[in-house]
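> Dumping the structure here so I can ask a few things about it.
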Amino acid sequence: MADTVILGAGIVGVSTAYYLSKHQPGDTIHLVESSPELFASASGNAGGFLARDWFGTGVSSLAAVSFDEHKRLAELHDGASKWGYSRSTSLSYTAASQTRGKKSQRGEDWLRYGTSRANAAAGCASDGFDGRGVLPPWLRCEDGDTVRPIGDDRTTAQVDPFKLCHFLLKQCLERGVHLSQPAKAIAIRKDVRDELSSVRIADTLSSTETDIPCTRLIITAGFSPEIFSRVGGQIYVAGLNTDAIPLPKLATEKPISQEAINELKKVAAKLLGPEGGAVDDLEVVREGLCFRPVTPYGTPIISRIDDEHLEEGIATRPGAAGGVFLAAGHGPWGISLSLGTGKVLAEMAQVRRVSADVSSLVMW
């Protein structure tokens, strides 16, 4: 069985380890995470919104498989209580002041095409559908505001990704999967056939280095306006996307802007608080900043990397015995596509029948 090292223990990394460990001994799988805090970025702080059929053709098969896996795991392991899994109704809401004199645009376009969530929602106008009948009691809606349904409990759902990640990791560790954290890969080693044979891992606390057997290397290390209701009465509110913040070396070094947090609080009080924000009775239970990888074309990469694209002089064993694999670039859909990505990547690595058509997501 191929000794496997997974670089990156975020939601895609632990999902991959979870599905790999169903078909090979857990002690042949090794997760490596550089951050001193687990799930410190998008894997733990994202909204946790799931959708089944909101995707283009290249991702639609993967999205359906992933959505169904979220449902299956939740039913099998009581996900409602363990990680807040719940079916949901999705609405596009636009305040009347935002639609005056603006070009009509569907508020969910950011979800379908990867644009900024707030900018798209700001241009939404009514097209005859009325979502007020399913408006949640905690959301203020004034005369002239536009509300339209864009998804129901058959195609959208909600999770707390931080709790889901911890559940998946716990399952992996119970199966014997190893976790090195905080640690980083600093070198690879090859055998007499010039094939990948091990990865050198450095413990960033003790500065000790260890060579871990590895013939299969999987890279899942990744380097918004939305409001979601979660189980337990919590409301998740996120702000505008930006590419102006430099990417830190570690997820725990994220530079949270207090000015941006204060702006989010003002928006939340206006939309959720009594008297349109005149009274702020909301309690903030958690703050965070997410960095999420995107590709220029807006779809993720899920692929084995051909040996010809590796460093010169490095090869990998053929078939299920080895290989270098990459899963990255999920953009705003990392949580929704996580289980499907982990499942398909495990199948790809172990040369089993793949559950989803990801042919358009393969590199080269």
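The values are calculated or read from the model by the stated rules, or taken from the named source; none is laboratory data. Just so it is clear, the model here is predicted, and its values are computed rather than measured. Glycine gets a Cβ as well: all are built from the backbone with ideal geometry, and neighbour counts include every protein chain shown.
Conditions tested, residue by residue: (1) touching a strand residue (DSSP E or B) at 6+ places or on another chain (Cβ under 8 Å); (2) at pLDDT 95 or above; (3) part of a strand (DSSP E or B).
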residue	(1), (2), (3)
Leu168	no, yes, no
Gln171	no, yes, no
Ser197	yes, yes, yes
Leu205	no, no, no
Ile218	yes, yes, yes
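> For region 154-164, which positions are under 20 Å from the mean Cα position of the chain (by Cα) and not in a strand (DSSP E or B)? If you could, list the steps in order and put the result at the bottom.
Within region 154-164, the subset under 20 Å from the mean Cα position of the chain (by Cα) is 155-164.
Matches in region 154-164: Thr155, Val159, Asp160, Pro161, Phe162, Lys163, Leu164.
> While we're looking at this one, here's another question. Take the residues in region 323-364 that are part of a strand (DSSP E or B) and of a type in the set (A, V, I, L, M, F, W, C), then tell me which one is farthest from Leu50 (Cα to Cα). Please lay out each step first, then the result.
Step one: of region 323-364, the residues part of a strand (DSSP E or B) are 323-328, 330.
With of a type in the set (A, V, I, L, M, F, W, C) added as a condition, the list becomes 324-328.
Numbers: Val324: 29, Phe325: 25, Leu326: 22, Ala327: 19, Ala328: 18 Å.
Looking at the filtered set, the residue picked out is Val324.
> OK, next. Specify which of the listed residues (Leu164, Leu139) is modelled with pLDDT of 70 or more and surrounded by fewer than 20 Cβ atoms within 10 Å (Cβ to Cβ). Let's see the steps before the verdict.
Numbers: Leu164 fails: surrounded by fewer than 20 Cβ atoms within 10 Å (Cβ to Cβ).
Checking each option against the conditions leaves just Leu139.
> Quick check on region 173-190: of everything there that is modelled with pLDDT under 95 and touching a strand residue (DSSP E or B) at 6+ places or on another chain (Cβ under 6 Å), which residue is farthest from Ala321 (Cα to Cα)?
Among those that are modelled with pLDDT under 95 and touching a strand residue (DSSP E or B) at 6+ places or on another chain (Cβ under 6 Å), it is Ala183.
> Follow-up. Being of a type in the set (Phe, Trp, Tyr), in a helix (DSSP H, G or I) and either at pLDDT 90 or above or at negative phi (or both), is that true of even one residue in region 294-311?
Taking region 294-311 first, the residues of a type in the set (Phe, Trp, Tyr) are 297.
Checking the rest, the ones that are also in a helix (DSSP H, G or I) come to none.
The answer is no; no qualifying residue exists.
> Could you please give the count of residues in region 23-47 that are over 13 Å from Leu345 (Cβ atoms) and more than 13 Å from the chain's Cα centre (by Cα)?
We begin by selecting, within region 23-47, every residue over 13 Å from Leu345 (Cβ atoms); these are 24-28, 30-47.
Within this subset, residues satisfying the condition of being more than 13 Å from the chain's Cα centre (by Cα) are 24-28, 30-38.
So the count comes out to 14.
> Scan region 170-187 residue by residue and report those that are over 18 Å from Thr210 (Cβ atoms) and crowded, with 19+ Cβ neighbours inside 10 Å.
Of everything in region 170-187, just one residue is over 18 Å from Thr210 (Cβ atoms) and crowded, with 19+ Cβ neighbours inside 10 Å, namely Cys172.
> Looking at region 34-80 only, could you name the residues that are farther than 16 Å from Thr155 by Cα, in contact with a strand residue (DSSP E or B) (Cβ under 8 Å, 6 or more places away or on another chain) and at pLDDT 95 or above?
Matches in region 34-80: Ala80 only.
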